[in-house]
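Presented below is the structure to which this report refers.
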Amino acid sequence: MRRTRYRLLGLEVDSALDLPATPGGDPTTPADVVVEQGPLEPLAAGRWAERRDGGLRVDVPSGRVAVWRDRVVVDVAAGAPMLAGAVAAGAGLGALHLLRAIPLLHVAAVDVGGRALAIGGHGGRGKSTMAAALAAAGAVPLCDDAASVVVRDGTAVLNPGPSWLKVTTAAGAPAEAAPVPTQRERDRRYRTAAPGPEALPVRAVHLITLPEDDLGTPGVPLRGTARTRARALLFHGLRLTHLSDDPEALEARRLEVLGALDLVPLPRPDGLAAVAETARRLLAGP
């Protein structure tokens, strides 16, 4: 069986599956995790995540994953190799980070002059569309939905997930005319970008907000209790913290990340033209 090395979310991955839009790894170094495909029984009705056999089992609409600290097994419908790779890179490695107590940001991100510009927020608010507009304006795509983050000497360092960009209109349909450079390959809903740098410092996360979020003045970093309430917009897996191998360590690391980042409210732009204008403003800086 052919195996390929990847570098993803700060991990060296040895995979029997093709992981889409993912930088190559270093086969001369030990792998952090092995990714395989195999049969998995579904979880009981009404359950989608639980501890099992010393690891974590997760069922998502596109497949099933079983995760241990150094192994990910994926089960999807036959004849869907790209889907299996996407499930492994998404739900599989996401669950692995949960087990290992490594914070995972719910962000899309681009590289701007050697620093990461990150866009956070709940699913469906336009993180990917904003990242695509930033890329069209000259930034380098890093990731679409998730990035691991560590704090080194007081600076948050972002390790990107897969660098595809999922682009939607305000109504939620695929945006065929979205501001994405034409040289990227397109696979159904995904427009795939060439992998960017492996890890970059990040100082701020711009959180796409709606009026009901009530998180403060647009463009002004959050303070006090607003920062605490913004956690739900920033981190993946908050509701699954109890399934981690070390929930206390995971929570401590999230707090460390919060202390190293500015969280900046960004009202959701109305329409693609407004998205493009907001992207140009973000790249121009304060």
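Helical content alone sets the calculated 222 nm signal of the chain at -6000 deg cm²/dmol, taking -39,500 (n - 2.57) per DSSP H segment of four or more residues and averaging over every residue. For Ala77 and Arg51, the difference between the fully extended length at 0.36 nm per residue and the C-alpha to C-alpha distance is 7.0 nm.
Taking the alpha carbon gyration tensor of the stretch 4-100, multiplying each eigenvalue by 5 and rooting it gives semi-axes of 22, 15, 10 Å, largest first.
Every pair of different Cα atoms in the stretch 218-261 enters the Kirkwood calculation, which places the hydrodynamic radius at 11.5 Å. A simple spin-label model places pseudo-atoms 7 Å from Cα toward Cβ; at Thr29 and Glu12 they are separated by 0.6 nm. Compared with the dominant principal axis of the Cα atoms in the chain, helix 247-260 is inclined by about 30°.
Quick one: check the C-alpha center-to-center distance for the stretch 23-72 versus the stretch 99-170, whole angstrom. For the stretch 23-72 versus the stretch 99-170, the Cα centre distance is 23 Å.
One decimal place: the segment Glu248-Val220 gains 7.0 nm when fully extended, by the rule 0.36 nm per residue minus the C-alpha distance. Taking amide H atoms as placed 1.01 Å from N in the peptide plane, the amide H of Val107 lies under 5 Å from those of Ala146, Ala147, each 5 or more residues away in sequence or on another chain. For the chain, what relative contact order do you get, as a whole percent, if you take Cα pairs closer than 8 Å and at least 6 residues apart? Taking the mean separation of contacting Cα pairs over the length of the chain, I get 18 percent.
Can you tell me the length gained on complete extension of the stretch Leu210 to Ser62, counting 0.36 nm per residue apart and subtracting the Cα distance?
On the way: separation 148, 0.36 × 148 = 53.28 nm, distance 2.86 nm.
Separation in residues times 0.36 nm, less the Cα-Cα distance, equals 50.4 nm.
Label point of Arg5 set 7 angstrom out along Cα-Cβ; within the stretch 26-46, amide nitrogens under 11 Å from it belong to 26-32. Just to be sure I follow: if Rg is taken over the C-alpha atoms of the chain and Rh is the Kirkwood radius over the same atoms, what is Rg/Rh? Expressed as Rg/Rh, it is 0.95.
Pairs of alpha-carbon atoms within less than 8 angstrom and 6+ residues apart define the contacts here; what relative contact order does the stretch 2-137 have, in percent? Taking the mean separation of contacting Cα pairs over the length of the stretch 2-137, I get 16 percent.
Computed from the coordinates by the stated procedures, all read-outs in this text should not be read as laboratory data. Please read all numbers here as calculations on a predicted model, not as lab measurements. Note that we place each Cβ from the backbone using ideal geometry, even for glycine, and neighbour counts take in every protein chain shown.
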